[in-house]
1. Could you please find all residues in the stretch 226-239 being within 26 Å of residue 69 (Cα to Cα) and surrounded by fewer than 22 Cβ atoms within 10 Å (Cβ to Cβ)?
2. Just the residues that are of a type outside the set (Gly, Ala, Ser) and in a loop (DSSP other than H, G, I, E, B), please, taken from the stretch 289-308.
3. Please find, among 50, 121, the residue that is surrounded by fewer than 21 Cβ atoms within 10 Å (Cβ to Cβ), more than 24 Å from residue 230 (Cα to Cα) and in contact with a Ser or Thr (Cβ under 7 Å, 6 or more places away or on another chain).
4. Here is a check on your reading of the model: is residue 347 at pLDDT below 95, closer than 28 Å to residue 175 by Cβ and more than 23 Å from the chain's Cα centre (by Cα)?
5. For the stretch 136-234, please list each of the helices (runs of 4 or more DSSP H) lying entirely inside it that holds at least 3 residues being closer than 14 Å to residue 306 by Cβ.
6. Given the conditions (1) in contact with a helix residue (DSSP H, G or I) (Cβ under 8 Å, 6 or more places away or on another chain); (2) at pLDDT 95 or above; (3) over 23 Å from residue 212 (Cβ atoms); (4) of a type outside the set (A, V, I, L, M, F, W, C), which single one is not true for residue 149?
7. Would you mind stating whether residue 185 is under 28 Å from residue 503 (Cβ atoms) and of a type outside the set (Ser, Thr, Tyr)?
8. Which count do you get for residues in the stretch 317-347 that are over 16 Å from residue 188 (Cα atoms) and β-branched (Val, Ile, Thr)?
Amino acid sequence: MRLIDYFQKGLARGADRPAFVDDRVTLTYGEVDHRARRMASSLQASGLSTCPPIAVFSPNDPQAFACIIGILYAGGIWVPCNARNTVAVNAHFLSMTSVEVLFYHGSLAREAVELKAAVPTIRLLICIDGDGAGSALSLDDFLQRGDGSLPEVPDDPERLATIFPTGGTTGLSKGAPWTHRTWEALIGAYWHCMPSTTPPVHLVAGPMTHAAGGLALMMMPGGACNVVLPRADPLLIMQAIDRHRITHLYLPPTVLYMMLAHPEVRRYDYSSLKYFVLAAAPIAPEKLREAMDVFGPVMCQSFGQAEAPMFLTFLTTADLLAADGDGRLYASCGRPTLNVRVEIMDDAGTILPPGERGEIVAKGSLVFPGYYRNPEATAAASTHGWHHTGDIGYRDEQGFIYIVDRKKDMIVTGGFNVFSAEVEQVLLSHPAVRDCAVVGVPDAKWGEAIKAVIELKANADVDPQDLIDLVKRELGGVHAPKSVDFWDELPRSGNGKVLKRDVRDTFWSGRERAV
């Protein structure tokens with residue numbers, strides 16, 4: 001199956017059905033189809049290479065989604081370009097992927113012109129919502145290039161469909177290409193994990209360049225209506241669920257924490273929700289319990305990454321309801337999904353038995369084919385014939401996977417290994433804590449000392465020693481922070497994830513070593 005075939009399945013459910021909606025515009029499936037076909041014809045007439053990489057540079061916007069469908073009709077490769085990144089970071093990624101066309105939103109005109117100057121492969125600059133700046137074309141002018149004919153996109157499962165950045169939280173991203181086979185496995189996993197007999201009403205709250213945009217494409221064959229928010233604002237999200245009768249929603253845990261801490265969180269009607277899926281980072285079990293109470297029995301969790309997207313494992317609402325008072329399952333990210341193998345491996349390549357900790361590794365059609373034009377990184381992530389996620393975890397006797405930490409976030413203090421995510425989950429159970437980051441900081445005695453950086457809920461207060469004592473009771477003295485700092489706001493990525501590396505760098509700045 002080609003990725004565009006899934007959009008056509010949604011179109012067949014009704015051309016008049018809304019596809020992408022915001023406060024200004026509603027685009028039906030038929031309107032998106034008409035616009036995207038014209039766009040594909042114009043791209044074909046522009047003398048681009050075969051299967052050209054084409055970027056969309058926009059905040060969340062229905063018209064930007066229509067551009068993605070046009071790229072798929074043209075047989076191009078969609079390259080997401082994060083509106084919150086610096087020009088330098090985006091220029092690196094667009095250069096690495098050899099992007100030939102940049103569709104951009106008018107609010108980003110200055111940055112788009114700078115990207116055109118910085119990326120030599122960009123041949124066309126097209127403004128999707130107004131007159132073009134400088135050498136850029138307006139979308140209306142560009143659409144006059146085509147004669148209405150469409151290229152025949154080969155039905156080749158190994159052909160590239162998208163190239164996603166691997167991170168963006170630290171340093172410069174590598175490219176994670178997804179083939180049409182990857183998308184086929186991903187869409188199949190989505191519908192297996194979250195079946196729906198009626199068309200979903202999906203809230204695009206996170207950046208469309210990340211999981212929220214991917215989920216919109218996964219839901220296309222079901223004829224989903226995608227309600228597009230400009231940003232992941234807690235109040236806007238709660239209001240939109242109520243107003244639009246949202247059935248499907250993805251958020252990273254840190255945005256959920258903001259919602260739970262909001263004074264109006266229990267004011268709105270969430271009864272329309274069927275699936276509120278959490279991903280991008282492990283969630284604190286106490287916060288997940290609270291979310292089940294606030295939003296109802298709709299909470300679920302998935303685990304994946306750009307190299308193996310979204311559904312390596314899945315924790316269903318039914319799993320949580322069947323836990324029958326056993327709180328351990330609230331710390332799990334679920335069982336491996338249908339078409340993937342997930343194991344725990346030690347550094348020697350040995351698959352470990354239940355209960356033993358090691359790196360989470362995966363095989364299957366959901367795993368990407370390798371980093372874009374980077375065989376060295378591909379080889380490093382594929383030792384022993386498995387994809388290495390970089391996450392440390394373990395499996396229980398029932399097959400549920402538990403993430404303990406990122407391998408690189410492990411703190412070595414006094415010769416003991418401390419997984420920062422375990423400490424964070426304990427701290428997040430305190431009623432005054434909205435969010436936190438636990439990092440290792442320089443210490444003459446211990447090498448690294450554990451520091452907790454805390455973001456408190458509004459008008460909350462807590463004695464640092466109370467937090468230290470809480471960790472001591474739950475995990476023991478080795479895991480307890482040696483110090484606690486309070487910050488007004490933790491740094492976050494465009495997807496809402498806490499930038500733990502930025503927190504850590506605050507305490508290691510100016511040193512020759514960072515360990």
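1. Going through the stretch 226-239, the residues within 26 Å of residue 69 (Cα to Cα) turn out to be 226-232, 237.
If the condition is that a residue be within 26 Å of residue 69 (Cα to Cα) and surrounded by fewer than 22 Cβ atoms within 10 Å (Cβ to Cβ), then 229, 230, 231 are the ones that fit.
2. Let us first name the residues in the stretch 289-308 that are of a type outside the set (Gly, Ala, Ser), namely 289-290, 292-295, 297-301, 303, 305, 307.
Within the stretch 289-308, 297, 298, 307 qualify.
3. Numbers: 50 fails: in contact with a Ser or Thr (Cβ under 7 Å, 6 or more places away or on another chain).
Answer to the check: 121.
4. Numbers: at pLDDT below 95: yes; closer than 28 Å to residue 175 by Cβ: yes; more than 23 Å from the chain's Cα centre (by Cα): yes.
It is true that residue 347 is at pLDDT below 95, closer than 28 Å to residue 175 by Cβ and more than 23 Å from the chain's Cα centre (by Cα).
5. On the way: elements: 139-142, 180-193, 211-218.
Because the criterion is at least 3 residues that are closer than 14 Å to residue 306 by Cβ, the helices (runs of 4 or more DSSP H) in the stretch 136-234 that meet it are 180-193, 211-218.
6. Residue 149 satisfies every listed condition except (2).
7. Values: under 28 Å from residue 503 (Cβ atoms): no; of a type outside the set (Ser, Thr, Tyr): yes.
For residue 185, the condition - under 28 Å from residue 503 (Cβ atoms) and of a type outside the set (Ser, Thr, Tyr) - is not met.
8. Number of matching residues: 3.
The values are calculated or read from the model by the stated rules, or taken from the named source; none is laboratory data. What you see is a predicted model, and the numbers here were worked out from it, not measured in a lab. Counting neighbours? That spans all protein chains shown, and the Cβs are built from the backbone with ideal geometry, glycine included.
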